[in-house]
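Reviewing the structure listed below.
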Amino acid sequence: VKPGDVIVQVNGQSAQGFTEDGEYIISDAIRSYQEGDEAIAVTVRRGGTEKQLFLTPAFDANENRMMVGIVMRAQLERSFSPVPFGEVIPRAFDTCVQNARDIFDGLIGLFTKKDALKDAAGPMGIIQQVAEYTQMIDWVYYLELMVFISVNLGLFNLLPIPGLDGSRLVFLAIEGIFRKPVPRKIEAYIHLGGYLLLLGF
C-alpha cells in the first residue's frame with residue numbers, strides 16, 4: 001500500500017461509507033480479522049488504475065487490536081451549488097433539525113449501545129476532532145462541524161439536569177404548578193450536585 005492509494009473495495013464490496021457502528025469499512029474488516037482467516041482483499045485506485053492487494057493484519061499488543069500498519073484519512077466528496085436566497089434559511093433550519101435528531105439518537109445510544117461511552121469526547125477530544133477536520137477536509141465540513149457542536153451545546157443545556165438551564169425550567173414549571181417557589185437553598189444544593197455530577201462525568 002502506497003501513500004495516496006484510494007481504497008475502492010474491501011473483500012469484493014464497496015469501501016464507501018461506514019458500518020452501523022460508524023467505522024470505516026476497511027477498519028471494521030481489520031478489527032474483525034482472526035488469526036488464520038484469509039487475507040483481506042483490498043482494491044485500491046493508484047494513478048488512475050485499480051490494483052488488488054492482500055493485507056494480513058497482525059495483533060499489536062500496545063494498541064491491543066489488529067493492525068496492518070497504514071494510516072487512513074477520509075476522502076469525502078460532495079458538490080455544492082448556490083441556492084435561491086429564499087431557501088437559505090429553510091435549508092439551514094433543516095440542517096439544525098437533522099443535527100438535533102442525530103444528537104438525540106446519540107444520547108439514546110449511550111444507554112442502549114455497548115461501549116458507546118468510548119466514543120464520547122470532552123473539550124480536548126472536540127478540539128482534536130476540529131483539528132483533524134481542518135487538516136484533511138475542506139472548510140465547508142469544518143463549518144458543518146461547528147454547526148453540529150453549537151446545536152449540541154444548545155440542546156444539552158436544555159436537558160433537565162441540575163446545573164443546566166433545563167433544570168431551571170423544571171423549577172419554574174414546579175413554581176407555576178404549586179404557585180410558590182422551591183426554597184432557594186434546596187434549589188442551590190440540587191444545582192451544586194448537578195455541577196459536581198457533570199464535572200465528574
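Looking at L159, is it of a type outside the set (S, T, N, Q), under 30 Å from G125 (Cβ atoms), at pLDDT below 90 and open to solvent by less than 70 Å² (accessible area, probe 1.4 Å)? Please lay out each step first, then the result.
Details: of a type outside the set (S, T, N, Q): yes; under 30 Å from G125 (Cβ atoms): yes; at pLDDT below 90: yes; open to solvent by less than 70 Å² (accessible area, probe 1.4 Å): yes.
Taking the combined requirement at face value, the residue satisfies it.
Restricting the range 28-65 to residues that are aliphatic (A, V, I, L, M) and outside any strand (DSSP E or B), which is surrounded by the fewest Cβ atoms within 10 Å (Cβ to Cβ)? Even if it seems obvious, please write down each step before you answer.
Start the filter on the range 28-65 by keeping residues that are aliphatic (A, V, I, L, M), which leaves 29-30, 39-42, 44, 53, 55, 58, 61.
In the following step, the residues that additionally are outside any strand (DSSP E or B) were identified as 29-30, 39, 61.
Working: A29: 23, I30: 20, A39: 13, A61: 6.
It comes out as A61.
Is it true that some residue in the range 165-177 is in a helix (DSSP H, G or I), without any contact (Cβ under 8 Å) to a residue 12 or more places away in the chain and within 16 Å of L107 (Cα to Cα)?
Within the range 165-177, one or more residues are in a helix (DSSP H, G or I), without any contact (Cβ under 8 Å) to a residue 12 or more places away in the chain and within 16 Å of L107 (Cα to Cα).
Could you please find all residues in the range 114-156 being assigned to a loop (DSSP other than H, G, I, E, B) and either modelled with pLDDT of 85 or more or within 25 Å of G194 (Cβ to Cβ) (or both)?
The first filter runs over the range 114-156 and keeps only residues assigned to a loop (DSSP other than H, G, I, E, B), leaving 114-115, 120-122, 137-138.
Passing the criteria: A120, A121, G122.
The values are calculated or read from the model by the stated rules, or taken from the named source; none is laboratory data. Bear in mind that the values here come from a model prediction, so they are computed numbers and not experimental data. Because the Cβ atoms are built from the backbone with ideal geometry, glycine has one as well, and the counts that use them run over all protein chains shown. Please note that ligands, DNA and RNA were not included when accessible areas were found on the heavy atoms of the full protein model with its side chains. Shrake-Rupley method; radii C 1.70, N 1.55, O 1.52, S 1.80 Å.
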